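> Let me give you the structure first, and then I'll get to my questions.
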Amino acid sequence: MRMSRRQFVIGSGTAVGISAGTTPGWPRPGLPTPHHPDAQSPAPERSDPWLEVEAAAIRHNVREVSRLSGRRPILAVVKNNAYGLGLATVGPVLDEMDEISGLAVVKTDQALALRDAGVTKPVLLMGLFADQDAEELVARDIELAPYTDGVDRTLAHLAARFDRNIPVQLYLDTGMGRLGMDFRRAPDWIASLAATPGVEVRGTFTALTEDDFDSVQLERLLEVAQEARNRGADPGLLHIASSHGLFFRSSAYLDMVRPGLVLYGAYPAGALASQQADLRPAFRLRARVVRVEQLQPGDGVSYGRNYVAELPTWTATLPVGHADGYPREAVNGCEVLIGDRTYRVIGAVSASHAVVEVGEEKTVEVGDVATLVGPDNASIHPNAVAERCGVSVYDVLMHLSARLPKRVV
């Protein structure tokens, strides 16, 4: 017999609630760079990297999304361990906000983990569920997102088993070609589901390709929904707008919006310059300096000796690397904030370590707190890190290791 889903472990760290502080946002041109003091960081003897998650920043971003969408309900996407920030840290913060109508994930374990974390609002599982998980999902009030032929029989069985209606949101494929019922076959499929005893259709949705094809997808969703109504089937709330759609396709707001990335304070590609919303990065990737040493001319740093000192140069080593989610590409121009100064990453980002150039003077000490990604300086903002690394900002967040200890501040 397999382990109960209730034993699922969320990440690797326990969220520790501490007093919340204000969260500075993305520095605007002409404004001084804000500085955030170290707030109850791990004990000095611990050198492992950690994440600090700012509840106040998440709340601020939710309010910005609500304003931008015309106060529409928000279905908050917390897939992939809440974009790396942790389900147990982010879930309860979102759960308490009136603007949030529900939370959405794509994996069974993460849907159940939200309930384990105390989330009481509707939770939508947007991925396929296995037959052996169906009863536990229904028992724990997880909304299902069916998209396969024959699923009406499964849902009818569950309704009879629990003697109540089974809430579902219907997933359509309007051109992404990834998941969902093909829009061309959807009208008959929806009519069959709507006629199935015990099935309650609460919504119908699709995923945008986030390019010029979005307008075609929107039209297809609306046409399927209208055809369903013509047949006497209510498609429920319609939603299609992701974080990208919030900024670039207001016509896709429909009945509800479904953002993910922007809730955590990062901007979709091309959205930062639009200044439509003031988002605040909701996390800091931090570590303590574990070594400070002066290189002599000719000394190199890390694998490949990509950095060789020409003059006596102080360096500092941080115990955080690509296994923790810090990009290997950070050596291509990224900086790290230590105190009120930034220092460039040099050499190579290995699995567990990164090295920064301190300079001719020793201005860093062992034990100092370094922030590699966060809101405190323009150069370490998630979007700036992504740009300098040449990767998607989604990678900067979602590649954060689930094993990183997390603290709510």
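The values are calculated or read from the model by the stated rules, or taken from the named source; none is laboratory data. Because the structure is a prediction, the values reported are computed rather than measured. Counting neighbours? That spans all protein chains shown, and the Cβs are built from the backbone with ideal geometry, glycine included. Protein only, heavy atoms only, side chains kept; ligands, DNA and RNA dropped before computing areas. Shrake-Rupley method; radii C 1.70, N 1.55, O 1.52, S 1.80 Å.
> Which listed residue (144, 60, 86) has the Cα farthest towards the positive end of the charge dipole for segment 49-184, taking +1 on Lys and Arg C-beta and -1 on Asp and Glu C-beta about the Cα centre?
Sorting the options by dipole projection puts first 60.
> Only four residue types carry charge here, +1 at the Cβ of Lys and Arg and -1 at the Cβ of Asp and Glu. Report the dipole size of segment 132-246 about the Cα centre in Debye, rounded to the nearest 20.
Using only the charged Cβ atoms, the result is roughly 340 debye.
> I need the calculated FRET efficiency for the pair residue 163 and residue 56, taking r as the beta carbon distance and R₀ as 41 Å, to the nearest 0.05. Provide the component values of the computation, followed by the final result.
Values: r = 43 Å, r/R0 = 1.05.
FRET efficiency, residue 163 to residue 56: 0.40.
> If you don't mind, another one. Kindly report the accessible area of the chain per residue (heavy atoms of protein chains, probe 1.4 Å, no ligands, DNA or RNA), in Å². Present the calculation step by step, with values, prior to reporting the outcome.
On the way: 17120 Å² over 409 residues.
Per residue, the chain has an accessible area of 42 Å².
> If we sort 132-141, 171-180, 235-244 on the protection proxy, mean other Cβ atoms within 10 Å, highest first, what's the order? Intermediate results must be reported in sequence, preceding the final value.
On the way: 132-141: 15.6, 171-180: 18.7, 235-244: 23.4.
Ranked from most to least packed, the peptides come out as 235-244, 171-180, 132-141.
> On full extension of the chain, what length is gained from residue 215 through residue 352, given 0.36 nm per residue of separation minus the C-alpha to C-alpha distance? Mind dumping the intermediate values first?
Values: separation 137, 0.36 × 137 = 49.32 nm, distance 4.42 nm.
Difference between extended and current length: 44.9 nm.
> If I take every Cα pair under 8 Å that is 6 or more residues apart in segment 268-382, average their sequence separation and divide by the length, what percent do I get for the relative contact order?
Details: 257 pairs, mean separation 36.1, N = 115.
RCO, segment 268-382: 31 percent.
> Here is a further query. Note down the magnitude of the dipole of the chain about its Cα centre, charges +1 on Lys and Arg C-beta and -1 on Asp and Glu C-beta and zero elsewhere, to the nearest 20 debye. Working shown, then result.
On the way: 41 positive and 50 negative charges, 109 e Å.
Here the chain has a charge dipole of around 520 debye.
> Something else now. So how exposed is residue 391, as accessible area in Å² (1.4 Å probe, rounded to 10)?
Accessible surface of residue 391 is approximately 40 Å².
> To the nearest 10 square angstrom, what accessible area does residue 107 show with a 1.4 Å probe?
Surface open to solvent at residue 107 totals about 120 Å².
> Once R0 is set to 41 Å, what does the formula 1/(1 + (r/R0)^6) return for the Cβ-Cβ distance between residue 47 and residue 251, expressed as a FRET efficiency to the nearest 0.05?
Approximately 0.20, to the nearest 0.05.
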